[in-house]
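The values are calculated or read from the model by the stated rules, or taken from the named source; none is laboratory data. Treat the numbers as computed from the prediction; the structure is a model and nothing was measured. Using ideal geometry, Cβ is built from the backbone for each residue, glycine included, and neighbour counts are taken over all protein chains shown. These accessible areas exclude ligands, DNA and RNA; they are computed on the full protein's heavy atoms, side chains included. Shrake-Rupley method; radii C 1.70, N 1.55, O 1.52, S 1.80 Å.
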Amino acid sequence: MTKKNILICGATGFMGTNIGDYFCALSEEYNVYLAGHKRSIDSSNFICVDLTNKQQVNDLFSKIKFDVVIQSAANTSGSKDIISKPYLHVTDNAVMNALILQACYDYSVGHFLFLSCGVMYNPDRSPVTEDDFYLDEGIFHRYFGVGWTKVYVEKLCEFYSGLGRTKHTVIRHSNTYGPHDKYDLEKSHMFGATITKVMTANDGDDIVVWGDGSTERDLLYVDDVVDFIHKAIDKQETIYELYNVGYGDSFSVKEIVEKIISISGKDLSMTFDTTKPSIKTKLALISKKAYDELGWRPQHSLDEGIKKTIEWYRKNILETK
C-alpha cells in the first residue's frame, strides 16, 4: 500500500495537535507533515511557515506532493475578544485560507479538508441541519465578522472544487473541547476557562461564571472530530461536501459548569457575573448527513468527555507545575 502524504496546517494549535497525534500513530498509512508558525514540536516533519505569506505557502507546496491537506490553522479566542476585538478572527484567517486553497489547486492536492464551524447558523433555528443557513437572514451580530469569514472560505472550497482538481470537505463542527485546548483564562473559550477555574480552585471556593449561565452550547469531544476527518478522507466520493459535525444536543453553561465541578470531585459553588462579556445564543447541530453518508456519529457523551479532559489536565498541566 502506497502511503499518503498528509499536511496538517495549524499543527501547534488545539485541533491541529490532536489531529497530528492521531495521524502520526497511523505511520503505516500516512507520511505526516506538521505545519505551524512557530517551532514548538520536536519532529523532523515539522515545517515552520507563515501561512499568511504567499511565498512561504508556495514554497511549502512546491517541495512536497501532498495527497491530503487538513486546514486547522486559525486565529481563535473566546467571547472577550469576539466582543472587544472581532477583527482578530477575520483578516489573517481570510488571507491564509485563500492562499492555501490556491496552492492546493496549483499543486494538484488530492483532498482538502477545512475546519469551519456552526457560527453562521441562526440560533433561533436550533437544532439545525446543513440546509438551515439562509443568506437573507444574516448572521448573529456578535459573530458577524467570524461568521462571514467562515462562509467566504466555505464558498472558496466550493469554487475550487468546481475547477475539478481537488476534492473538498467543509466541516461545520460544534464547540469542540478536550486535550491541548487553550486553558489560559485570557484566551480560552468557556469550556477551557471553566476547567482551569475548577481545577485550580480550593474546596469551598466560588467559581465565577461570565453571564447568567443560560447560554447553550453543543459540545463535541475533540476525538470525535478527528474520527470524522478520517472517515471523510476514506469514504467521501464526491468532489465537494459540507457536513455538520456536532453532538446533536445543547447544554446550558450553568449545566456544563455543574458537570465539571461534579466530575472534578471538588466541593465548589457557583456565582454569576453578568457584567462580564457573554454571548447569549443556543445552538445544536444535526449530523444526520455525516451518519448517512460516512457512518459517523459521536462516541463520547459530555460526561465521558469531561472526565477524559480532567484526567488529561491533571497529568499534563497540574502535575507539570
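Structure above, values below:
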read-out	value
Full-stretch length increase - Lys65, Glu311 - with 0.36 nm per residue and alpha-carbon distance subtracted	84.7 nm
Inter-label distance, nm, simple model (7 Å from Cα along the C-beta direction), His141/Lys288	3.4
Heavy-atom surface of the chain, accessible at 1.4 Å and reported per residue (Å²)	46
Given Lys65/Lys315; Lys167/Lys288; Lys197/Lys282; Lys150/Lys282, the pairs whose alpha carbons are separated by over 27 Å	Lys65/Lys315
Label of the coordinate-derived value, Rg/Rh (Cα atoms, Kirkwood Rh), listed as (1) 0.96; (2) 0.99; (3) 1.06	(1)
Separation between Cα centres of the stretch 267-317 and the stretch 181-219, rounded to whole Å	12
Approximate spin-label separation Glu258-Asp273, in nm, with each point projected 7 Å along Cα-to-Cβ	2.3
Nearest-ten-degree value, helix 190-199 long axis tilted from longest Cα axis of the chain	50
Considering only the chain, percent of DSSP beta bridges that pair antiparallel, nearest 5	5
Percent accessible area from carbon and sulfur atoms, the chain, protein chains only, probe 1.4 Å	48
Residue of Asn18, Asn93, Asn58 that the Gaussian network model of the chain assigns the largest fluctuation, springs spanning Cα pairs under 10 Å	Asn58
Residue-wise HN-Hα coupling along the stretch 139-155, computed from phi with Karplus coefficients 6.51, -1.76, 1.60 (Hz; x: Gly, Pro)	10, 2, 4, 5, 10, 4, x, 5, x, 5, 5, 4, 4, 4, 5, 4, 5
Over 31 Å (Cα to Cα) - which of Lys3/Lys289; Lys38/Lys266; Lys4/Lys54 fall in this group	Lys38/Lys266
Check: the chain dipole with +1 on Lys, Arg Cβ and -1 on Asp, Glu Cβ, in debye	680
